[in-house]
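Below: the structure, in C-alpha cells.
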Amino acid sequence: MADIALGPEPSPKLHLTASQQSYLHLVRRKRLYSTILLALLAALLATGFDLAEQRNAGGFLNGVPMLLAFPSEVLSEAWTNRANVPGLMAHFLPSLIETLNIAAVATLLGGLFASLLALLTTRGLAPFPALTGTFRRIMDALRAIPDVVIALVLIFVLGGGPIPAVIAIALHTAGALGKLFSEVAENADLSPVEGLASTGARWGQRMWLGVIPQVAPNWASYGLMRFEINVRASAILGFVGQGGIGHDLKLAMQWGQGRYDEVVAIFLILFLSIVTIDRFSDRVRTRLTKGAQHG
Amino acid sequence: MVDAALISTIETAMQRRKIMALALPMIILAYLFYAAVSFDVLGVASRARMENARILLSDFWSYKVHVTRDNRRGRVTSSLDGDNRYSFGPDWVVTQGDITTIDLGGGAIVTYDPAGARMIMPGYGTVDIVSSGGKVSVTAPQPLPDWISVSDKRIAVTTPLGRFNYTKSKVETFRYFAGWELFFFTFDSPLHGKSLSQLGSLALWEPRIEPGQSNLALMAEDFWSNRLWHHGEVVWALFETMLMAFIGTVSAAILALPLSFIAASNMMPLRAVRFAMRRLFDFIRGVDALIWTIILARAFGPGPMTGALAIFLTDTGAFGKTFSEVLENIDEKQVEGVRSTGANGLQRARFGVIPQVMPVLMSQVLYAFESNTRSATVIGAIVGGGIGLLLTQAIQTQKDWEDVCYYLILIVLMVFILDWLSGLIRRRLIKG
C-alpha cells in the first residue's frame, strides 16, 4: 500500500528533517513489527489448521460441499411433514420451559452467591481483607471449571434430572458474575457506607442499605446478560447430559431420518426463545443502565 | 418552606420503593419454590446416592489395592483397583501355603485360610467367617456394629483402615493409599518405585539403565508414555483444545473485521446492506453454538477442526456485532484528516480507522480467546476432540474418577495461565 498518509515530499527546512527522519524511522519499525507479527499469526493459523484437519475424521474440503447436505435433508423432510411442526413445537414447549427454568434458577442462585463473593472481595467493603485473595481464587476456579463437567459428575451422585444442571450452571455463574459484580462495587460511593457505620450498623446492614441500592441496576443488567448465556448453556447441558430441550434434540437427532420434523421444531423454538430473550434483555438492560445515569 | 406537593411525591416514591423492596424478594422466593417443586428437589434428595459421592471423593485423591482370593480356585492376587493388568506383590501381603495374611496397618489383620477368612480389628475383636458345605457362618462379638453388614450372600466390613468383603465365590480386601497410583512410572518401567533422590542421582551421574539412552531421556519417555495415565495423549488433548479456540477465534476475527465495516452506520452509507448484515450477525448468534456444532459435525465428522469451525461461526456473529459498535464510536477527525489527503475508502479505513480501533479490537479478541478455551472443552465433548472428549469418556466409565480429577486440575491450570497471559497482553495493549 502506498504511503499516502505520510504527506508531501520532505521539506527543505533543516530543523524539521531530524524529527521527520526519526518519525519515519519509528513508523518503519512499527510496520516491520506488525508485518512480522501478522506473518507469524498467519503461519500459526495455517499450521494449526493443517494439524486440526489431520486429526479430524473428515477433511475440510470434503466437508464443504456436505455442509448444506444435512440441513437440506432435514429441511426437505420437515417440509413434507410441515403440518406436524406447529404441533410438535407445542409438544416440546414443556422441555423448553424446563431449560429456561434451569437457566433462570441457576442465574438467581448463582447471582446471590456472586453478590456475596463480590462483597467479600471488593476493596474497602470486604469484612475480612486478609481473605480477599482466597475468595478471588475461588471465583477464578469456579469460572475455570466447565459446567458440563460439574453436571456430569453430579449426575453420578444425584441421578438424572435438572438439579445437576442447575448446580453446575449456578457455580459457573457465581464465578463469572462475582468478578463483574465486584468491579461494579469497587466504583460504589463509600459515603453512605460510612454514614451507616457511624450509626453503628453491622456489616450486613451496611451492605444491604449502603451498597446494594447503588449497584443494583448494574448488577441486574449483568445478571440478565448472564441469563442469556445460561439459556444457551442449559440447552447444551441437556444435549451432553440430561434434561430439557437439549436432551429431546439429541434423541431426535439420534433417531435420524423420520424424525427430522421434530429436529426442526426444536431448532425453531430454541431459536425463537433465544432471540426473544436477547431482545427483551437488551431492552431492559438499556433501561436499567440509563435509569442509573439519571440517579 | 418545603413544597407540600414535593413532600407527597417523595412519600409516594418512598412508598413504592418500600413495596418493591418487599415484593421483589417475595416474587423471587415464590419462583424458586415453584422451581423446586417442578424440579422435584425432594425426590432427588431421596434418590441421591451418597455412597457414590464418597467413592468419587476418595477416588479423587486416593487409590486402593485389591487383595482377592478366588474361593473356588484358591488363587490370591493383589492388584491396583482390581485391574488384572496391574497386579503386583505388595510387602504387606504374605502368602504361605494356603494361608494369606494381610496387614492393613494400625493393628488390623486379615487372614485368608482354607476354612474361610478372619479379620482382627483392634478395639473390637475378631470377625471369623467359616465356609463349609456352601454355607457361610460368621462369629463376631455381639451386638454387631453398623460397619459390619451380614446377609446370606455377603459379609461386608467397612473400616477407615480398609474394606473387607466375603461372598461365596471370592473374598476381597481393599486397602486405601493416598495419592495417584503409578502416576510417574508404571510397573514395567525400570524406574518404578525409585525415590526422588534416587531418580535425581540416576539422572545426574549414575550409569545408564538403558545403554542406548541417557537416564533423563528414559525418564521423560517412560513418563510420557505411561500406560495408565497416558500423559502424552492428555497433553495433546489439551493442546488440541487450545488449538480449536485459537483457530476459531482468530479466523472469526479476520472475517468479522471487514464485515463489521459493512454493518457500521458511519462506514456503510447503504442502509439496506447495513441492515442485512446486522440481521445476519443476529441470526448467527441466535442459532446458538449447539446447533451450529451439530450441523458442522454432520458435514465434517468428529474432530478438532469441526470444533474450531463451530467456534469460528458463533464468534463471527459475536465479533461482527461488537466490532461494528466499536467502529461506530470512533473519532472522525482522524478519518477526516486522511480524507483531506485524497485517500480512497480503503486507505481511509487502513490509516484513519484501524490504528485507533486496533487496541480495543485486539483486547476483545483476546478476551474471546480466553473464554473460548473454556467453551472448546464443552464443544470438544460434543464433537469428540480435545480434553472435553477425554473428560466425558472418563466420567462415563464411572470409575476413573482420578483421571477426571487430573484433567480438571489441568483445565483449571490452563485457564488460569491463559487468563493471566491475556490479562498481561491486554493491559499492555491499553497502555499502548
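When the convex hull of its Cα atoms is viewed from all sides, the protein assembly as shown shows a mean projected area of 51.0 nm². For the range B:317-356, a decrease in accessible area of 30 Å² or greater in the assembled protein chains relative to the isolated chain, with a 1.4 Å probe, applies to B:Thr341, B:Gln347, B:Arg350, B:Phe351.
Here, P(r) means the percent of Cα pairs in each 5 Å bin from 0 to the largest distance; for the range B:8-97 it is 3, 10, 10, 9, 8, 8, 7, 6, 6, 6, 6, 5, 4, 3, 3, 3, 2, 1, 0, 0.
Using DSSP to define loop residues, name the trypsin sites (Lys or Arg not before Pro) in the range B:225-276 whose beta-carbon has at most 14 other beta-carbon atoms within 10 Å. Counting only loop positions with at most 14 other Cβ atoms within 10 Å, the trypsin sites (Lys or Arg not before Pro) in the range B:225-276 are B:Arg227. Sorted into 10 angstrom bins from 0, the C-alpha pair distances of the range B:231-431 split as 9, 29, 30, 19, 9, 3, 1, 0 percent.
Rounded, prolate or oblate, given the Cα gyration tensor of the range B:62-178, with a/c below 1.5 counting as rounded? Note, shape of the range B:62-178 comes out oblate. How would the range B:204-324 be classified by its alpha-carbon gyration tensor: rounded, prolate or oblate, with rounded meaning a/c under 1.5 and the a/b versus b/c comparison settling the rest? Judged from the Cα gyration tensor, the range B:204-324 comes out prolate (a/c at least 1.5, a/b above b/c).
Computed extension gain for A:Leu51 through A:Tyr33, at 0.36 nm per residue and net of the alpha carbon distance, reaches 3.8 nm. Put simply, chains B and A cover up around 6100 Å² of each other's accessible surface, both sides summed, when a 1.4 Å probe is used. What a 1.4 Å probe finds exposed on chain A is 66% carbon and sulfur by accessible area, rounded to a whole percent. Calculated accessible area for the protein assembly as shown comes out at 53 Å² per residue, all protein chains present (probe 1.4 Å; ligands, DNA, RNA ignored).
Per-residue Cβ counts within 10 Å, from other chains only, averaged over B:283-292: what number is that?
Values: counts 2, 0, 5, 10, 5, 9, 4, 14, 10, 0.
Average neighbour count from other chains, rounded to a whole number: 6.
Given a 1.4 Å probe, show me the residues in the range A:137-164 buried by at least 40 Å² of accessible surface when comparing the whole protein assembly to the chain alone. Those residues are A:Arg143, A:Ala144, A:Pro146, A:Val149, A:Leu152, A:Val153, A:Phe156, A:Val157, A:Leu158, A:Ile163. Among the listed pairs A:Lys179/B:Lys64; A:Lys179/A:Lys250; B:Lys168/B:Lys194; B:Lys170/B:Lys194; B:Lys153/B:Lys399, those whose Cα-Cα separation exceeds 28 Å are A:Lys179/B:Lys64; A:Lys179/A:Lys250; B:Lys168/B:Lys194; B:Lys170/B:Lys194. Between the range B:380-432 and the range B:93-141, how many Å separate their Cα centres? Cα centres, the range B:380-432 to the range B:93-141: 46 Å. Kirkwood Rh, the range A:84-294, all Cα pairs: how many Å? Computed over the range A:84-294, the radius equals 18.7 Å. Summarised in one figure, the compactness ratio Rg/Rh of chain B, Cα atoms and Kirkwood Rh, is 1.16. Taking Cβ atoms as reference points and 14 Å as the exclusive limit, the residues near B:Asp152 contribute a net charge of +4, counting Lys and Arg as +1 and Asp and Glu as -1. Per the Debye formula with a single identical scatterer at each Cα and no solvent contribution, what log10 I(q)/I(0) holds for the range A:79-157 at q = 0.13, 0.22, 0.26 Å⁻¹? The Cα Debye sum returns log10 ratios of -0.64, -1.05, -1.17.
Of the chymotrypsin sites (Phe, Trp or Tyr not before Pro) found in the range B:153-218, those in coil by DSSP whose Cβ has at most 15 other Cβ atoms within 10 Å are B:Phe183, B:Phe187, B:Trp205. Once you order the gyration tensor axes a ≥ b ≥ c over the Cα atoms, which shape class does the range A:128-191 get: rounded for a/c under 1.5, otherwise prolate or oblate by comparing a/b with b/c? Prolate, since a/c reaches 1.5 and a/b exceeds b/c. For the range B:123-171, the mean projected area of the C-alpha convex hull, equal to one quarter of the hull surface, is 3.6 nm².
Counting every alpha-carbon pair across the range A:15-60, the share separated by more than 17 Å comes to 57%.
When only alpha carbons are used to place a centre, the range A:142-172 and the range B:190-248 end up 33 Å from one another.
What part of the accessible area of chain B, given as a whole %, is carbon or sulfur when the probe is 1.4 angstrom? Let's see the in-between values first.
Details: 14460 of 23070 Å².
The C+S portion of the solvent-accessible surface of chain B is 63 percent.
The distance linking the range B:317-348 with the range A:112-137 is 41 Å (Cα centroid to Cα centroid, whole angstrom).
The values are calculated or read from the model by the stated rules, or taken from the named source; none is laboratory data. Only a predicted model underlies this, so the values are computations on that prediction, with no experimental measurement involved. Don't worry about glycine lacking a Cβ; one is built from the backbone with ideal geometry, like all the others, and counts go over all protein chains shown. Heavy atoms of the whole protein, side chains included, go into the accessibility calculation; ligands, DNA and RNA do not. Shrake-Rupley method; radii C 1.70, N 1.55, O 1.52, S 1.80 Å.
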